[in-house]
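Written below as structure tokens is the structure these notes are about.
The values are calculated or read from the model by the stated rules, or taken from the named source; none is laboratory data. Small disclaimer: the values here were computed from a predicted structure and weren't measured. Because the Cβ atoms are built from the backbone with ideal geometry, glycine has one as well, and the counts that use them run over all protein chains shown. Remember, those area values only see protein heavy atoms, side chains included, never the ligands or the DNA or RNA. Shrake-Rupley method; radii C 1.70, N 1.55, O 1.52, S 1.80 Å.
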Amino acid sequence: MLFDRIKQNPDIVLGLATGGTMEPIYQQFVARLQQEKIELSRLRSFNLDEYVGLNPQHPKSYAAYMHEHLFQHIGYDSQRHFLPDGLAPDLDEYCRAYSDKIRRQGGIDLQLLGVGTNGHIGFNEPGTPFDSRCHVVRLSERTRRDNSRFFAKGAIVPETAITMGMQDIMEARQLVLVATGSAKAETMARFYQSDVTPDVPITALKQHPDARIILDEAAASQLPDAVRRQYAVSDKITSGPVRRYA
Ligand code: F6R
């Protein structure tokens, strides 16, 4: 999906996510790059979020994640690939500038999203207003607990992070949210049942004109049968049709 979109439009602006869900997506992208060359020199990207206080070399920073999973394979250019800086001296000012930079680059064409078990997108935790821009967020206990699996046993998961705001995300021309594994089954059932509300941030996608949701069987397992058929339910998340959520 990523590969074909860049092939069609080498000037695309991508919004990128991190986390376990995205790993196979970047893996498959890099594998395809080895078979087929595409123009990557004009690609621009904005990452969704970063922990406050971790420098980009810290192995658990999202900058290090992106380097490991994508940038070392496609070449990193700081003029085209933008990641929030968790060490910025004035974080509020930095966040304002990050949202502005997205707009100055013409906005995001395709935003990749995962979802937290509590329904967060980016690090917009439940209750974040839909008109929020890039901001500093205090991570919920649930998010810190979920993400502790990426940190060494006993290590402290940062308490705060920078995240693109809900409005930054919703302004992307297309959203593609991927959820995999049984840990996301309840979240997706909640998404389906719930009205659009900041209490369940993922429900904002119901108001987006071009939001696609890709689920594997496990993440779709608590959806009613009729609804499951609307999604690209498959074991391999890049196979099968990607259907628009309606
Ligand atoms: C990460 C991000 C988060 C994750 C979400 C799911 O950049 O924006 O919203 O997508 O926490 O994480 P995983 O995929 O690890 O379950």
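When a/c is below 1.5 the answer is rounded, else prolate if a/b is larger than b/c, else oblate, so apply that to the chain with a ≥ b ≥ c taken from the square roots of the Cα gyration tensor eigenvalues.
Rounded is the answer for the chain, as its axis ratio a/c remains below 1.5.
Kindly report, to the nearest 10 Å², the accessible surface of His69 as traced by a 1.4 Å probe over protein heavy atoms only.
Rounded to the nearest 10, the figure is 40 Å².
Under a 10 Å cutoff between Cα atoms, tell me which one of Gly75, Gly122, Gly20 has the largest fluctuation in the Gaussian network model of the chain.
Looking only at Gly75, Gly122, Gly20, the largest GNM fluctuation is found for Gly75.
Scan around Phe82 for amide H atoms under 5 Å from its own, H built in the peptide plane at 1.01 Å from N, and keep only partners 5 or more places away or cross-chain.
Amide H to amide H, under 5 Å and 5 or more residues apart or across chains, Phe82 pairs with Ser45, Phe46, Asn47.
I'd like the Karplus ³J(HN,Hα) series for the stretch 151-157: coefficients 6.51, -1.76, 1.60, θ = phi - 60°, whole numbers in Hz, and an x wherever there's a Gly or Pro.
Here the 3J(HN,Hα) series is 9, 5, 4, x, 6, 8, 7 Hz.
At a 1.4 Å probe radius, carbon and sulfur cover how many percent of the accessible area of the stretch 2-230?
47 percent
Once you have all Cα-Cα distances for the stretch 105-211, histogram them in 5 Å bins from zero and send the whole-percent values.
All Cα pairs considered, the percentages come to 2, 12, 22, 25, 20, 12, 5, 2, 0.
Need one number: nm distance between label points at Asp92 and Ala183, each 7 Å from Cα along Cα→Cβ, rounded to one decimal.
So the two model labels end up 3.4 nm from each other.
Report the GluC sites (Glu not before Pro) located in the stretch 1-105 that are in a DSSP loop and have at most 15 other Cβ atoms inside 10 Å of their Cβ, or state none.
Answer in residue order: Glu36, Glu39.
What is the spin-label model distance, in nm, from Arg145 to Asn55 if the labels are put 7 Å beyond Cα along the C-beta direction?
Between Arg145 and Asn55, the label points sit 3.3 nm apart.
Among Tyr62, Tyr192, Tyr51, determine the one that fluctuates most according to a GNM of the chain built with springs between C-alpha atoms less than 10 Å apart.
Tyr192
What is the stretch 70-142 by shape, rounded, prolate or oblate, if you read a ≥ b ≥ c off the alpha carbon gyration tensor as root eigenvalues and call it rounded for a/c under 1.5, prolate for a/b larger than b/c, and oblate otherwise?
The shape class here is prolate.
Are there trypsin sites (Lys or Arg not before Pro) in the stretch 1-89 that DSSP marks as loop and that have at most 14 other Cβ atoms within 10 Å, and which are they?
Those satisfying the criteria are Lys37, Arg42.
Between Glu23 and Ala226, what is 0.36 nm times their sequence separation minus the Cα-Cα distance? Round to one decimal in nm.
Working it through step by step, the gained length comes to 70.2 nm.
Report the extension gain between Asp77 and Arg103 in nm, rounded to one decimal, defined as 0.36 nm multiplied by the number of residues separating them, less their alpha carbon distance.
Full-extension gain reported as 7.5 nm.
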